[in-house]
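The values are calculated or read from the model by the stated rules, or taken from the named source; none is laboratory data. Keep in mind the model is a prediction, meaning the values are calculated, not measured.
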Amino acid sequence: MSRGIRMKVYPSKKMKAEHQNQSVHHSQSERQRKQQLIREHQRKQEVVRIDKKSKQADNKEVRRLRQRIQRL
């Protein structure tokens, strides 16, 4: 410990293997979570794009109707 580096000491090979399995599982779950968040963000962005397009179409339709009303 005099080197300033803490080393994990395991009393048995079994415990060391368990720790390695846990760290691998943790990294896999973190990777999956990140991918899930990316997918959710992409879905939200698609919804926003669709909403903008539909709002623009709705606005055009409203303008057309107002113009017709004013003409009458």
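Quick rundown of the values:
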read-out	value
All positions within the stretch 23-46 that are modelled with pLDDT of 80 or more and either on the phi > 0 side of the Ramachandran plot or of a type in the set (A, V, I, L, M) (or both)	Leu37, Ile38
Per-region count, the stretch 38-72, residues under 25 Å from the mean Cα position of the chain (by Cα) and among the charged types (D, E, K, R)	9
